[in-house]
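Asks: Starting off with a structure, shown below.
The values are calculated or read from the model by the stated rules, or taken from the named source; none is laboratory data. Please read these numbers as outputs of a predicted model, since none were measured by experiment. Every residue, glycine as well, gets a Cβ built from its backbone with ideal geometry; the counts of neighbours run over all protein chains shown.
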Ligand SMILES: Cc1cc2nc3c(=O)[nH]c(=O)nc-3n(C[C@H](O)[C@H](O)[C@H](O)COP(=O)(O)OP(=O)(O)OC[C@H]3O[C@@H](n4cnc5c(N)ncnc54)[C@H](O)[C@@H]3O)c2cc1C
């Protein structure tokens, strides 16, 4: 029995709701339904929103139906891939959520080494399917993240310097546009739209299916994970910088500064509460070769401990999973592209990293080079290939009373790093996008005007507004 919220009754006639429910092959979830609370929840525990309708789409036609409904009824519209956007754009108050989570198909073509992937697939599901054929594609480093949002914003993972970002490996996409058309996009078909999808976020339509290039890898890989005393943070970060300058493309290193969280069983009890700096990466090639190439990183200084090992690629892809429980913690992550990581930048970084108020927070520094920088920058919307280092302080805490100091830590940190940056940032770590248009202009630099023109062409009324939003002007 369908029950309507008062807000929705004002905008949508009950008969239209029933029509929508009948037209969908998937489920329409409403406030009061047993699944409602689980369906409206997203990864960031800070986000607590109450949409009026959640359309669980099982087919492309369901997505068309839901898009047309949102447009015709002038509803606020969210699109949910994996629900991992930090700002919580996958849900909203009082509007419609198009939930793609039933779109789970992963079809591997082992001969062409390509993979077709539904808009609701997570990285773990994708890796599990491709590894059955000895293949993998560049994605991210936490298995529960959605492939959709990750790809549309870029995609940093362990394979990035060898094979590029996730968006670099996108071959084609099926898209439902704001006017309800289904368009096939690639470098040859609707190529302007394809250009925008590769880094331009969810602005131009809803991707129901992605097609990617994949590469032989695994099943076993070599992972390096060495943890040093936080007292040596500056020294280790200098080594990280210098190592990356000559590292082969097979290793895309990540430096992580943090605190051994009290109670964390993975770490010896005597370390709990102490600062650390860790160097973590996966060798993208034969495990034995990886062991040899990564040994110098393990020999540097005396680490507090070294959990480097050979392991299945799918396990390496879950290394951080436990650190990011869905719905339980509060998260505020923001990034800055660094145009230099000189000693002064490292000193500033260390000073702020050591001030993190919450034990579960970290400061991540991504090294981007190799294939990322060999790509033709004009080939797609993604902006950021000009920098080698991206800093991402991530505040992860538990109690609402601590919101202010944790958010302030990230903001003060990035303000202090500004002299070492051109102000651009990686939009998959966008904070709450509180800078609005200013952030988008700086983030896309010279590509911004082309994105606005594309938005005007494909979504002139900004139906797709809950994303890293480009306004149509
Ligand atoms: C725990 C965690 C780990 C992460 N690790 C990495 C990492 O290793 N590398 C990295 O690069 N990033 C990483 N990220 C950032 C991640 O790429 C972004 O949060 C991304 O937006 C997540 O995508 P999603 O589909 O899960 O999110 P959602 O919240 O579902 O969607 C994100 C945005 O994309 C839009 N969108 C979603 N699906 C579609 C679609 N099919 N068509 C059109 N628009 C769509 C949404 O409207 C929203 O604006 C991580 C994030 C988290 C929370």
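Asks: Of all the strands (runs of 3 or more DSSP E) wholly in the stretch 275-365, which have at least 2 residues that are within 30 Å of residue 399 (Cα to Cα), touching a residue at least 24 places away in the same chain (Cβ under 8 Å) and under 23 Å from the mean Cα position of the chain (by Cα)?
Replies: Passing ranges, in order: 275-283, 330-333, 336-338.
Asks: Condition first: surrounded by fewer than 20 Cβ atoms within 10 Å (Cβ to Cβ), more than 13 Å from residue 335 (Cβ to Cβ) and without any contact (Cβ under 8 Å) to a residue 60 or more places away in the chain. Now tell me which residues in the stretch 420-445 satisfy that.
Replies: 434, 436, 437, 438, 441 - these are the residues of the stretch 420-445 that are surrounded by fewer than 20 Cβ atoms within 10 Å (Cβ to Cβ), more than 13 Å from residue 335 (Cβ to Cβ) and without any contact (Cβ under 8 Å) to a residue 60 or more places away in the chain.
Asks: Looking at (1) buried (at least 24 other Cβ atoms within 10 Å of the Cβ); (2) more than 11 Å from the ligand (Cβ to nearest atom); (3) assigned by TED's automatic domain parsing to the domain that holds residue 54, can you tell me which one residue 72 breaks?
Replies: Status for residue 72: all satisfied but (1).
Asks: Also, I was wondering about something else. Got at least one residue in the stretch 192-199 being more than 9 Å from the ligand (Cβ to nearest atom), farther than 21 Å from residue 427 by Cβ and surrounded by fewer than 24 Cβ atoms within 10 Å (Cβ to Cβ)?
Replies: No, because not a single residue in the stretch 192-199 is more than 9 Å from the ligand (Cβ to nearest atom), farther than 21 Å from residue 427 by Cβ and surrounded by fewer than 24 Cβ atoms within 10 Å (Cβ to Cβ).
Asks: Here is a follow-up. Could you list, in sequence order, the residues of the stretch 141-154 that are farther than 18 Å from residue 99 by Cα, within 6 Å of the ligand (Cβ to nearest atom) and in contact with a strand residue (DSSP E or B) (Cβ under 9 Å, 6 or more places away or on another chain)?
Replies: 141, 153
Asks: Also, quick follow-up: Does residue 65 meet the test of being more than 11 Å from the ligand (Cβ to nearest atom), outside any strand (DSSP E or B) and in contact with a helix residue (DSSP H, G or I) (Cβ under 9 Å, 6 or more places away or on another chain)?
Replies: So residue 65 fits the description; yes.
Asks: Which condition number in (1) within 16 Å of the ligand (Cβ to nearest atom); (2) touching a residue at least 40 places away in the same chain (Cβ under 8 Å); (3) within 15 Å of residue 204 (Cβ to Cβ) is the one that residue 471 fails?
Replies: Of the numbered conditions (1) within 16 Å of the ligand (Cβ to nearest atom); (2) touching a residue at least 40 places away in the same chain (Cβ under 8 Å); (3) within 15 Å of residue 204 (Cβ to Cβ), the odd one out for residue 471 is (2).
Asks: Answer yes if at least one residue in the stretch 248-266 is free of Cβ contacts under 8 Å to residues at least 40 places away in the same chain, part of a helix (DSSP H, G or I) and surrounded by fewer than 16 Cβ atoms within 10 Å (Cβ to Cβ), and no otherwise.
Replies: There is no residue in the stretch 248-266 that is free of Cβ contacts under 8 Å to residues at least 40 places away in the same chain, part of a helix (DSSP H, G or I) and surrounded by fewer than 16 Cβ atoms within 10 Å (Cβ to Cβ).
Asks: Here is a follow-up. From the list 317, 295, exactly one residue is out of contact with any strand residue (DSSP E or B) (no Cβ under 6 Å at 6 or more places or on another chain) and crowded, with 18+ Cβ neighbours inside 10 Å. Which is it?
Replies: Matching residue, one of 317, 295: 317.
Asks: Turning to a different aspect of this structure: Residue by residue through the stretch 113-141, note down the ones that are closer than 19 Å to residue 184 by Cα and either outside any loop (DSSP other than H, G, I, E, B) or over 18 Å from the mean Cα position of the chain (by Cα) (or both).
Replies: Passing the criteria: 114, 115, 116, 117, 118.
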